[in-house]
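**Student:** Dropping a structure here in structure tokens format, bear with me for questions.
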Amino acid sequence: MEILPIVAAGCCILGGIGTIIHTHNINKIIMFALLESGLIGLIASFYYLDVAIISSVLEPVATLILLLGVLKYEFIIKNKKKYSTEVPVLTK
Amino acid sequence: MDLVTLAMYVGYFLLILGTVGAVIGPLTKDPFKRFLNIEVPSVGVCLIFLAYNQTLALMTFLGVNAILTLVLVRAIIKNEELEE
């Protein structure tokens with residue numbers, strides 16, 4: 001057996017465990033990128049190179065969407081904590 | 001171990017681990033963290049498609065997954081904006 005599927009399966013398992021047990025959002029996204037890189041390696045070891053092209057185009061797009069989304073989400077959470085509804089805000 | 005058997009075992013492991021993590025994982029009151037846990041079983045489903053040689057299903061699932069990420073992140077942010 002070759003070495004690429006073993007390394008890719010190790011990436012998948014480590015990325016899955018890391019995505020579940022990390023608690024900060026940015027760390028979860030980094031471990032998720034490791035998981036999907038393992039998926040691409042396992043697809044390429046099956047010689048499905050057309051699927052590997054599509055996967056390696058779409059995976060950074062999903063990571064980019066998640067990163068922009070988490071930045072906006074944390075900004076909204078911080079602003080809501082600063083101006084909460086118990087304080088009377090006149091400009092509502 | 002065979003290549004197909006390896007891919008199938010890793011796929012089932014990720015499916016079970018991701019489902020348990022999305023239901024009773026750490027800090028899943030936050031909907032964004034729960035959504036990031038949901039992404040793990042989707043990769044497991046991709047690996048099971050790969051082990052059973054369903055190439056067209058794998059390609060379609062990867063494409064739909066990227067669009068679903070866009071829609072769900074937008075929905076989570078809009079929900080957080082709208083509730084008080």
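The values are calculated or read from the model by the stated rules, or taken from the named source; none is laboratory data. Just so it is clear, the structure is predicted and the values come from calculations on it, not from any experiment. Glycine also receives a Cβ, built like all others from the backbone with ideal geometry; neighbour counts cover every protein chain displayed. Areas reflect the complete protein model, heavy atoms only, side chains present, ligands, DNA and RNA absent. Shrake-Rupley method; radii C 1.70, N 1.55, O 1.52, S 1.80 Å.
**Student:** Let me spell it out: the conditions are (1) at the interface with another protein chain (Cβ under 9 Å from one of its Cβ atoms); (2) open to solvent by less than 80 Å² (accessible area, probe 1.4 Å); (3) over 21 Å from B:N65 (Cα atoms); (4) in contact (Cβ under 8 Å) with a residue 24 or more places away in the chain, and A:G10 meets all of them except one. Which number is the exception?
**Tutor:** Evaluating A:G10 over (1) at the interface with another protein chain (Cβ under 9 Å from one of its Cβ atoms); (2) open to solvent by less than 80 Å² (accessible area, probe 1.4 Å); (3) over 21 Å from B:N65 (Cα atoms); (4) in contact (Cβ under 8 Å) with a residue 24 or more places away in the chain leaves (1) as the failure.
**Student:** Report the residue count in the range A:32-53 for those that are of a type outside the set (G, A, S) and either more than 9 Å from chain B (Cβ to nearest Cβ) or within 20 Å of B:V71 (Cα to Cα) (or both).
**Tutor:** Adding up the residues that qualify gives 7.
**Student:** Another question, then. Residues of the range B:18-50 being surrounded by fewer than 20 Cβ atoms within 10 Å (Cβ to Cβ), more than 10 Å from the chain's Cα centre (by Cα) and more than 26 Å from B:I77 (Cα to Cα), which ones?
**Tutor:** B:I48
**Student:** In the range A:16-31, which residues are more than 8 Å from chain B (Cβ to nearest Cβ) and either open to solvent by less than 10 Å² (accessible area, probe 1.4 Å) or in a helix (DSSP H, G or I) (or both)?
**Tutor:** If the condition is that a residue be more than 8 Å from chain B (Cβ to nearest Cβ) and either open to solvent by less than 10 Å² (accessible area, probe 1.4 Å) or in a helix (DSSP H, G or I) (or both), then A:G18, A:I26, A:N27, A:I30, A:M31 are the ones that fit.
**Student:** Does A:I76 satisfy being modelled with pLDDT under 95, facing another protein chain (nearest Cβ under 7 Å) and open to solvent by 30 Å² or more (accessible area, probe 1.4 Å)?
**Tutor:** no
**Student:** I would also like to ask the following. Just give me the residues in the range A:39-64 being over 17 Å from A:A8 (Cα atoms) and either open to solvent by less than 40 Å² (accessible area, probe 1.4 Å) or modelled with pLDDT of 95 or more (or both), in sequence order.
**Tutor:** Residues satisfying the conditions are A:A62, A:T63.
**Student:** Quick one: count up the residues across the range B:51-64 that are under 14 Å from the mean Cα position of the chain (by Cα) and either more than 7 Å from chain A (Cβ to nearest Cβ) or touching a residue at least 24 places away in the same chain (Cβ under 8 Å) (or both).
**Tutor:** The qualifying residues number 2.
**Student:** Among the residues in the range A:36-56, are any farther than 15 Å from B:G11 by Cα, hydrophobic (A, V, I, L, M, F, W, C) and within 11 Å of the chain's Cα centre (by Cα)?
**Tutor:** No, because not a single residue in the range A:36-56 is farther than 15 Å from B:G11 by Cα, hydrophobic (A, V, I, L, M, F, W, C) and within 11 Å of the chain's Cα centre (by Cα).
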